[in-house]
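Asker: If you scroll down you'll find the structure; I have some questions about it.
The values are calculated or read from the model by the stated rules, or taken from the named source; none is laboratory data. Worth saying up front: this structure is predicted, and the values here are computed from it rather than measured. Here the Cβ is made from the backbone with ideal geometry for all residues, glycine too, and neighbour counts use every protein chain on show. The accessibility values were calculated without ligands, DNA or RNA, using every heavy atom of the protein model including side chains. Shrake-Rupley method; radii C 1.70, N 1.55, O 1.52, S 1.80 Å.
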Amino acid sequence: QGQLVESGGGSVQPGGSLRVSCAASGISIRAGSMGWYRQAPGDRREWVASISSGGTTSYAASVKGRFTISRDVAKNTVDLQMDSLNAEDTAVYYCNAVRSARDYWGQGIQVTVSS
């Protein structure tokens, strides 16, 4: 049974940085793409960034140049480094993997950007 568990997050002032991490168990992060999504109150869940099985990264336009997705194959973890944060980045952040047509989601972790 695959499981994704997010950690990190928290609160930061505008312009600050935070890092969220996703630990996978029962799922190999190399076997397919891994992604980060976010959902703000009252909004739909939106895609933020992905890293392919080959290590190719892609980003939503709203975070490109500020966020960096990376992975540690030995630890089977995927991180999202978030810099130059602003209030619009406030949301619950979710880790995602799709394996054999099954969608796996973490429980989500709160990121709050506020002065």
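Asker: If you scan segment 1-40, which residues turn out to be closer than 21 Å to S62 by Cβ, of a type outside the set (S, T, N, Q) and not in a strand (DSSP E or B)?
Answerer: Of everything in segment 1-40, those that are closer than 21 Å to S62 by Cβ, of a type outside the set (S, T, N, Q) and not in a strand (DSSP E or B) turn out to be G9, P14, G15, G16, A40.
Asker: Now a separate question. Can you find a residue in segment 3-19 that is touching a Phe, Trp or Tyr at 6+ places or on another chain (Cβ under 6 Å) and within 16 Å of V111 (Cβ to Cβ)?
Answerer: We begin by selecting, within segment 3-19, every residue touching a Phe, Trp or Tyr at 6+ places or on another chain (Cβ under 6 Å); these are 4.
From what is left, the residues that are within 16 Å of V111 (Cβ to Cβ) are none.
No, segment 3-19 contains no residue that is touching a Phe, Trp or Tyr at 6+ places or on another chain (Cβ under 6 Å) and within 16 Å of V111 (Cβ to Cβ).
Asker: Return the residues of segment 72-92 that are in a strand (DSSP E or B) and either in contact with a Cys (Cβ under 9 Å, 6 or more places away or on another chain) or open to solvent by 70 Å² or more (accessible area, probe 1.4 Å) (or both); say none if nothing qualifies. Don't jump to the end; show me each part of the working.
Answerer: The initial filter retains those residues of segment 72-92 that are in a strand (DSSP E or B), namely 72, 77-82, 91-92.
T77, V78, D79, L80 - these are the residues of segment 72-92 that are in a strand (DSSP E or B) and either in contact with a Cys (Cβ under 9 Å, 6 or more places away or on another chain) or open to solvent by 70 Å² or more (accessible area, probe 1.4 Å) (or both).
Asker: Still on this structure, I have one more. Could you please find all residues in segment 9-38 being of a type in the set (K, R) and touching a residue at least 60 places away in the same chain (Cβ under 8 Å)?
Answerer: Initially, segment 9-38 is screened for residues of a type in the set (K, R), giving 19, 30, 38.
Across segment 9-38, the qualifying residues are R19, R38.
Asker: For segment 22-54, how many residues meet the condition of being open to solvent by less than 30 Å² (accessible area, probe 1.4 Å) and within 22 Å of R102 (Cα to Cα)?
Answerer: At the first step, the residues of segment 22-54 found to be open to solvent by less than 30 Å² (accessible area, probe 1.4 Å) are 22, 24, 27, 29, 32, 34-36, 38, 40, 48-51.
If we keep only those that are within 22 Å of R102 (Cα to Cα) too, we end up with 22, 24, 27, 29, 32, 34-36, 38, 48-51.
Residues meeting the conditions: 13.
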